[in-house]
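Undergrad: Can you keep this structure in mind? I'll have questions shortly.
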Amino acid sequence: MKRFSLKHNLSVLREKEVIPHNTTPVNTAHEFKIKWVLNQWLFGVMVKLDIPEGKYDQIKYIVSKEKESPLKRGNRIIYKTIKSDTLFFTAKHCENFTNSTLSHVYVKVQAFKNSELLATSTKKISKKDNYKLGTHEFKIRFSDDSFQPEILAFYKQLWVEVKPIMKEVLGDAALPSIIDVVKANRYLFNYKKMLIEFKDKERPLTFVHELVHAHLKWILLSRNKNGYFCDDLEVFEEALAQSASAYILNIWSKRYDKDLSFASTTNADYDFRNVPTLVSTDVQSDQNGMGMSWERYQMVEEAFRKIAYEYHKLHSDRHFYKDFLQKYYAFLTADPRAVINREHIVSFITDLVPMVEGQEVRLWLDQQHVLAARTVKGDKLWVNHNPMWNKNEYLSFNDVYLYQTYPNASDWFYRDKKKNEFRYNKNGAEGTIRIYNWNNKEIYHDSFVTTPKESYPTCRGYGKLRLNVSNASGIENSPVLQRVRDQYLEVGNKDMLALFTGDTGLYRIEIELGGLTLSFYRIWGSIMTDYANGLIIGFPNHKGLVRLSFDENNEVFENVPIQAGIAFVQPDCFGKDKELQVRIDVTTKQGTQTYYRNLGFGGKRGGHQLLVM
């Protein structure tokens, strides 16, 4: 069984408006040709220009309330320079600027060559009220023939096959228009130009991810008061696109016998990864320099998958994503000027799904750090965990980072209003590490320095502690760690701690670094190869017996002991690329406590590791 879980870049465009110098050309100009206008008023107005190559070197446009004297104070609304043949604005922006409800605006376009006005054109854009959100056919067009022929053929065929599935899963598109697919050096739905920009590579999950973004057109979930994309709710924007695209492609794989599965890389050990450092309004706050951007994409996908699973249990003939979007469209139809916030999205979900993993959905959502959608400034510690199985060896790669989140939500760079610049500079920090076993006995204690030791500009990256743990008997029996060691020796400015333990159990790791302390848990030992396709549950705070029952084939395990901080079983229902729910009843001297977990397809060998606090 092949598995795809493909990385992609930020999937919405971020542009800063540049307001040119406020001057009005006085010389006579020819009429400038406007190809067409796409008017969705409050949600967006896109004007396509006819610009002969090399004829102009600057294009400006003015949006005004009235046609005459567009730059006059009180009449001018927007005045910008653009670098392409497409301009985009929203009537929400115009109304907010004028503090009034508008029935029309005028768009005046000016084309210059060497500062001389050569052409101009004015277009009246009138108010539109009836948007019919979510009722439009979703259309794309492969308008760029510079793709490799085999890549272009692959995506054209994929589109033919997934289009009807997308309609089943998402419903009709939010707004009318055709989305052009063009070759670029990034993966992006460019909402201001109605383009899907894509590299010349075969990446079906990334492609469908961008299709999901494009399905919403100009009503992306994360928009500011003027109707333009912003970071505030980006985690929900990406959660929808990432989880829905995997869901769509899993249907596609079964329908067309592709023998592929699409799942989050974090679905096997989600509990261990649900940590406060994921809280942010910026999914790519580190530009993946610490692996955090990738982690957030995978975690939002898994969080939404868990929600969708609950909905599909209640409504096997419906699709969560379609009904979620219908809630969203109905809300905007009732109030097109509304500014969506986290509470609105939570309410759309709670209307559909009352409980997730045995908890009231609102409480559950608040416990998923990656869906917090807020910025938390200050110094932090983050552990990027990458598990790996190599034949009979299990390796746990733990990269520990000390970093700072700035007011702009970035973990790398910030420029304040006075143009003072701040950049990550925490490499070479000294710290200590302690490891405790399931009996809270300290079994390892050491000091370390994060490497590389040099910060920017000598080193353009994040320093870290590399804690690599194997269940082999020593490095002589670990070909993987031998290669890592040799690579680090060759580079010369990196170091690692390599530990070896075959003793099975739940371990607690405590890091002191930069004046901060971080504790986290890992399941290590021979169990990780012996039960790589089974269920292993860590219990830091429980001792007793566990009853495990699965909704898939009603499989039950009675009186499973918690030993060395873990309980483990080998369910028959695993390893079949099925979603299922496990009920966990823990009986101790204090009584019985019940927990639920919604499980996905599992890890690279089909198993799951849970953490029940």
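The values are calculated or read from the model by the stated rules, or taken from the named source; none is laboratory data. Model, not experiment: these values are computed from the prediction. Don't worry about glycine lacking a Cβ; one is built from the backbone with ideal geometry, like all the others, and counts go over all protein chains shown. When the accessible area is computed, the model is the full protein with side chains, heavy atoms only, and any ligands, DNA or RNA have been set aside. Shrake-Rupley method; radii C 1.70, N 1.55, O 1.52, S 1.80 Å.
Undergrad: Residue pairs, Cβ under 6 Å, 6 or more apart or interchain, first in the stretch 399-412 and acidic (Asp, Glu), second open to solvent by less than 50 Å² (accessible area, probe 1.4 Å). List them.
TA: Correct list of pairs: ASP399/ASN384; ASP399/LYS464; ASP399/ARG466; ASP411/SER285; ASP411/ASP286; ASP411/TYR403; ASP411/THR405.
Undergrad: Quick one: which of LEU38, LEU13 is modelled with pLDDT under 50 and either open to solvent by 60 Å² or more (accessible area, probe 1.4 Å) or at negative phi (or both)?
TA: One residue alone meets the criteria, LEU13.
Undergrad: Of these, PHE557, PHE601, which one is over 33 Å from the mean Cα position of the chain (by Cα), open to solvent by less than 60 Å² (accessible area, probe 1.4 Å) and among the aromatic types (Phe, Trp, Tyr)?
TA: PHE557
Undergrad: Let me ask something else about it. Applying the selection to the stretch 152-179, what residues are touching a residue at least 12 places away in the same chain (Cβ under 8 Å) and over 19 Å from SER245 (Cα atoms)?
TA: Those that are touching a residue at least 12 places away in the same chain (Cβ under 8 Å) and over 19 Å from SER245 (Cα atoms): LEU175, PRO176, SER177, ILE178.
Undergrad: Within the stretch 452-464, can you find the residues that are crowded, with 21+ Cβ neighbours inside 10 Å and closer than 15 Å to GLY492 by Cα?
TA: The answer is GLY463, LYS464.
Results for (1) touching a His at 6+ places or on another chain (Cβ under 9 Å); (2) farther than 29 Å from ARG583 by Cα; (3) assigned to a helix (DSSP H, G or I), shown as yes or no for each residue.
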site	(1), (2), (3)
ALA338	yes, yes, no
LEU363	no, no, yes
ASP379	no, yes, no
ASN386	no, no, no
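Undergrad: State all residues of the stretch 252-287 that are surrounded by fewer than 21 Cβ atoms within 10 Å (Cβ to Cβ), farther than 22 Å from LEU516 by Cα, touching a Phe, Trp or Tyr at 6+ places or on another chain (Cβ under 8 Å) and in contact (Cβ under 8 Å) with a residue 40 or more places away in the chain; if no residue qualifies, say none.
TA: LEU260, SER261, GLN287
Undergrad: Going by the conditions given, is TYR414 out of contact with any helix residue (DSSP H, G or I) (no Cβ under 8 Å at 6 or more places or on another chain), more than 25 Å from HIS385 (Cβ to Cβ), at pLDDT 95 or above and part of a strand (DSSP E or B)?
TA: The answer is yes for TYR414.
Undergrad: Also, I was wondering about something else. Looking only at the stretch 76-90, count every residue that is open to solvent by less than 20 Å² (accessible area, probe 1.4 Å) and not in a strand (DSSP E or B) and tell me the total.
TA: 1
Undergrad: Run down SER285, SER293 and say which single residue is assigned to a helix (DSSP H, G or I), under 18 Å from the mean Cα position of the chain (by Cα) and under 30 Å from TYR406 (Cβ atoms).
TA: Just one listed residue meets the conditions, SER293.
Undergrad: Looking only at the stretch 352-390, count every residue that is aromatic (Phe, Trp, Tyr) and either closer than 30 Å to TYR424 by Cβ or open to solvent by 40 Å² or more (accessible area, probe 1.4 Å) (or both) and tell me the total.
TA: Of the residues in the stretch 352-390, 2 are aromatic (Phe, Trp, Tyr) and either closer than 30 Å to TYR424 by Cβ or open to solvent by 40 Å² or more (accessible area, probe 1.4 Å) (or both).
Undergrad: Does any residue in the stretch 294-318 that is over 12 Å from GLN242 (Cβ atoms) come within less than 8 Å, Cβ to Cβ, of a residue that is at pLDDT below 95 and not aliphatic (A, V, I, L, M) six or more places away or on a different chain, and which pairs are these?
TA: TYR309/GLU579; LYS313/ASP551
Undergrad: Tell me, which residue of the stretch 27-62 that is of a type in the set (A, V, I, L, M) and more than 34 Å from the chain's Cα centre (by Cα) is nearest to GLY227 (Cα to Cα)?
TA: Only one residue tops the list, namely ILE62.
Undergrad: Where in the stretch 99-209 are the strands (runs of 3 or more DSSP E), entirely inside, with at least 3 residues that are open to solvent by 60 Å² or more (accessible area, probe 1.4 Å)?
TA: Correct list: 116-126.
Undergrad: Of all residues in the stretch 229-251, how many are assigned to a helix (DSSP H, G or I), of a type in the set (Phe, Trp, Tyr) and open to solvent by 10 Å² or more (accessible area, probe 1.4 Å)?
TA: Going through the stretch 229-251 one residue at a time, the tally reaches 1.
Undergrad: Scan the stretch 410-429 and tell me whether some residue there is in contact with a Leu (Cβ under 8 Å, 6 or more places away or on another chain) and either farther than 30 Å from GLN326 by Cβ or open to solvent by 70 Å² or more (accessible area, probe 1.4 Å) (or both).
TA: So far as the stretch 410-429 goes, yes, one or more of its residues are in contact with a Leu (Cβ under 8 Å, 6 or more places away or on another chain) and either farther than 30 Å from GLN326 by Cβ or open to solvent by 70 Å² or more (accessible area, probe 1.4 Å) (or both).
Undergrad: Follow-up. Would the stretch 392-403 turn up any residue that is part of a loop (DSSP other than H, G, I, E, B), at pLDDT 95 or above and touching a strand residue (DSSP E or B) at 6+ places or on another chain (Cβ under 7 Å)?
TA: The answer is no; no qualifying residue exists.
Undergrad: Further question: Might you check whether a residue that is β-branched (Val, Ile, Thr), open to solvent by less than 30 Å² (accessible area, probe 1.4 Å) and outside any strand (DSSP E or B) occurs anywhere in the stretch 565-586?
TA: No, the stretch 565-586 contains no residue that is β-branched (Val, Ile, Thr), open to solvent by less than 30 Å² (accessible area, probe 1.4 Å) and outside any strand (DSSP E or B).
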